[in-house]
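Presented below is the structure to which this report refers.
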Amino acid sequence: MTTKSAAAAARATVYGYPRQGRNRELKKAVEGYWKGHVTADALRATAAELRRTNWLRLADAGIDEVPTGDFSYYDHVLDTTAMVGAIPERHRSAVTRNALDGYFAMARGTQEVAPLEMTKWFDTNYHYLVPELGPDTAFTADSAKQVGELKEALALGLTARPVLVGPVTYLLLAKPAPGVPADFDPLTLLDRLLPVYAEVLADLRAAGAEWVQLDEPALVQDRTAAELNAAERAYRDLGGLADRPKLLVASYFDRLGEALPMLAKAPVDGLALDFTGAAAANLDTLASVGGLPGKRLIAGVVNGRNVWVNDLAASLSTLGTLLGLADRVDVSASCSLLHVPLDTAAERDIEPQILRWLAFAEQKTAEVVTLTRGLARGTDAIAADLAANRADLASRTHSPVTRDPAVRARASAVTETDARRSQPYAERAAAQRAHLGLPVLPTTTIGSFPQTGQLRAARADLRAGRIDTAGYEERIRAEIQEIISFQEKTGIDVLVHGEPERNDMVQYFAEQLTGYLATRHGWVQSYGTRYVRPPILAGDISRPEPMTVRWTTYAQSLTSRPVKGMLTGPVTMLAWSFVRDDQPLGDTARQVALALRDEVNELEAAGTSVIQVDEPALRETLPLRGADRAGYLDWATEAFRLTTSGVRPDTQIHTHMCYAEFGDIVQAIDDLDADVISLEAARSHMQVARELAAHGYPREAGPGVYDIHSPRVPSTDEAAELLRTGLRAIPAERLWVNPDCGLKTRAWPETRASLEHLVAAARTVRDEL
Ligand code: GLN
Ligand code: ZN
């Protein structure tokens, strides 16, 4: 095919679409089913209607080939587990009794059985259910869901392409089932899994699929030679099948690197590649291997996981380059649109001028279609779109929202000294000891106390105008009083105010910082039926007023014990938001850090001696490729230090992390130069304490002795035993006693009992010293 006819044949497609519906109908139907208000048939009908609506909208917008099989009641990795029959032993009877209930039992557990573990889908904020595999796993094909959804789309007269999690990624995302040795490698099951994929592919072909997409995002991570070999073998096998549809192997979230030459040679019919952000490196790699002669290329040039309008001219130029490198070039978003909200048109509170900088799923779909038209018919065919796009981009670039000279001047004047405490840790530690006068093995909590139904109701009342600000604040003050008096009575040493005024640890600050946007309907799926509305870091960040000082000083006025100030750190403020794409992340982090630094300094000036800056997301935003990690950790740790370095040596800076294993970032934790760190550790029996010790970590640490993820109350003995384990790694004068994380998801009765036990355990172990 010549370049020109390849261009003329260009088609528009996407890999997946938000599942929930315009008014989160799916969430309501699924939760209604769980509560027994919605029948299985009604749930199925809602789901089918949502799929139909999405496909027709995509087709109306000009998408030539719609995805199928991307829909899910809960999670597409769990759907894959069902498709390959890898049902864990403990869920088998439930699945046999009733497939739908068994599916939800795997997702959420029941009274009798635990659910599958949930973890993050690569570096997104979507969570998937981790497949549990072992040497005894026997796979069986169940293609009913994939085939059924394909037939629904075909019946609408559409061209449809089923999208499946690829076999290699599926195995690489799995973990050894309970009872299977931890060193079991799920990838050893590849030969058993491939025939099941072959069967599903044959079924899809029989049902009318011309193309099937196999998603292999795991190949954008650093992979061993053995893993790359497995992938090569998988696609040699599947490509060699006689009875199969055309195969498209898709990757996204980063560059393919060494996997790209391998896939380019594989006997598959097409590749879908990401060309946004760090994945833009795919372009050079593709050119260096001589392109994809004889293959179809789907070019992901519209960022599928951020919310900014595309630079259409830049994308067209990328597409132009790609035309010379493949037999056929089609256009798509870089990944499923699952990771962005549905439609900017629903946002009435965002200024129209700013709204034009944003593109959610509907707008991204339109961009894909426009780019396809530009590619097929030339730029003249989309002249008006290009002009409008140029105007939107220029308005963003020159807006006072994106460029606040005062913020920029301050950020560029930051020096290395600004991000360093005035004294080294050892001297600070002595000053803090004298200043705070805490006992050995001091007790504290991570910040939040139970967010009761009454608190949430008070917030809803305030929003609805049923109570005024004064009434709401009265409620918050009463809550703080109760929390302070409980902690004093229980004998906790460093108190917290309990965070009752916070709806969410990021949103609360985003709402008070200039430069952040909030959406009203910008829901994205976090997991299952849980949706979040990440705020948008849209402009230069400044802090017009103190954000937390009032509540912290109020709490301090109620007690003579130290009350810990409580802030969300700059890295976490980025990680759980949509970030700017027009400047390096490090620049945005620095602006947020400077705003938080003012808050830290003002807390200190108002008499706060202990200030905690939470960074639970430090580990999770680590880049997927090892080569990018040092650069990330550099700006991330600098932003934390910039936030916390403006205080006196005798002010104690705490940080807190959870959700992840920290063994591989202990150096970065050390580089934060915080005086005290609290970490999640109860479930791993203080593993992290040993990791800190092995590194020679010199500072104070509180590995959690109370697992707050469950309502279970740990006994005094149990907590004491964990403390003794901790003491084997960390000396008594540097060990703190605290729970794993905040208590906001817990109820009061178990919180009360658990903290009483925690204090009793600290006292017991102190007496043994
Ligand atoms: N200070 C926060 C809290 O206690 C920390 C939450 C978190 O680590 N995710 O809720
Ligand atoms: Zn936590």
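Just so you know, all these numbers are worked out from the coordinates, no wet-lab data involved. It should be emphasised that the depicted structure is a prediction, and the values quoted were computed from it without experimental measurement. We place every Cβ from the backbone using ideal geometry, glycine too, and count neighbours over all the protein chains shown.
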Task: Backbone N within region 520-543 under 20 Å of label point (7 Å from Arg408 Cα along the Cβ vector) - done: 537-543
Open item on the list: Taking R0 as 51 Å, what FRET efficiency do you get between His398 and Leu769 from their Cβ-Cβ distance, rounded to the nearest 0.05?
Closed with: 0.20
Open item on the list: Given a Förster distance of 60 Å, report the FRET efficiency between Asp598 and Asp243 from their Cβ-Cβ distance, rounded to the nearest 0.05.
Closed with: 0.35
- [ ] Return the loop-located trypsin sites (Lys or Arg not before Pro) in region 315-386 (DSSP other than H, G, I, E, B) with at most 12 other Cβ atoms within 10 Å of their own Cβ; answer none if there are none.
- [x] Arg348
Task: Charge-dipole axis of the chain as Lys and Arg at +1 and Asp and Glu at -1 on Cβ define it, positive-most pick from Thr276, Val532, Thr655 - done: Val532
Task: Potential extension, Ala457-Ser485 segment - 0.36 nm per residue separation minus Cα distance - done: 7.8 nm
Task: Separation of the Lys35 and Ala9 label points, Cα + 7 Å toward Cβ, nm - done: 5.3 nm
TODO: Using every Cα-Cα pair within region 364-420, state what percent have a distance larger than 13 Å.
DONE: 72 percent
TODO: Could you pull out every whole DSSP H run in the chain that spans at least 18 Å of Cα extent along its own axis and averages -1.0 or higher on the Kyte-Doolittle scale?
DONE: 40-61, 190-206, 225-239, 361-377, 383-398, 469-490, 585-605, 629-644, 716-729, 748-768
Open item on the list: Translational diffusion coefficient of the chain at 37 °C, 0.692 mPa s, Stokes-Einstein with Kirkwood Rh over Cα pairs, in µm²/s as a whole number.
Closed with: 118 µm²/s
Open item on the list: How much length would be gained if the chain were fully extended between Asp101 and Ser715, taking 0.36 nm per residue of separation minus their Cα-Cα distance, in nm to one decimal?
Closed with: 217.6 nm
Open item on the list: I'd like the Kirkwood hydrodynamic radius of region 488-556, using the inverse of the mean 1/r over distinct C-alpha pairs, in Å.
Closed with: 14.5 Å
Open item on the list: Quick check on packing: order 667-676, 458-467 by the mean number of other C-beta atoms within 10 Å, highest mean leading.
Closed with: 667-676, 458-467
TODO: Note down the magnitude of the dipole of the chain about its Cα centre, charges +1 on Lys and Arg C-beta and -1 on Asp and Glu C-beta and zero elsewhere, to the nearest 20 debye.
DONE: 1100 debye
- [ ] Under 1.5 on a/c is rounded, so check that first for region 310-419, then, if it is not, pick prolate when a/b is larger than b/c and oblate when it is not; a ≥ b ≥ c are the square roots of the alpha carbon gyration tensor eigenvalues.
- [x] prolate
Task: Ser422-Ala42 pseudo-label distance in nm [points 7 Å out on the Cα-to-Cβ vector] - done: 6.6 nm
Open item on the list: Can you compute the modelled spin-label distance between Asp504 and Ala606, with each label point 7 Å from Cα toward Cβ, in nm?
Closed with: 2.4 nm
Task: Linear extension gain, Ser557 paired with Ala747, 0.36 nm per residue minus alpha-carbon span - done: 65.8 nm
Open item on the list: Along the charge dipole of the chain, pointing to its positive end and built from +1/-1 on Cβ of Lys, Arg, Asp and Glu, which listed residue (Ala593, Thr344, Ser399) has its Cα farthest out?
Closed with: Thr344
Task: Computed magnitude of the charge dipole of region 298-352 (debye, nearest 20; Cβ of K, R +1, Cβ of D, E -1) - done: 200 debye
Open item on the list: Could you tell me the calculated FRET efficiency between Asp136 and Asp327, based on Cβ-Cβ distance and R0 = 51 angstrom, to the nearest 0.05?
Closed with: 0.70
TODO: Pick out, from Thr548, Val302, Pro714, the residue whose Cα sits farthest towards the positive end of the charge dipole of the chain, with +1 on the Cβ of Lys and Arg and -1 on the Cβ of Asp and Glu.
DONE: Val302
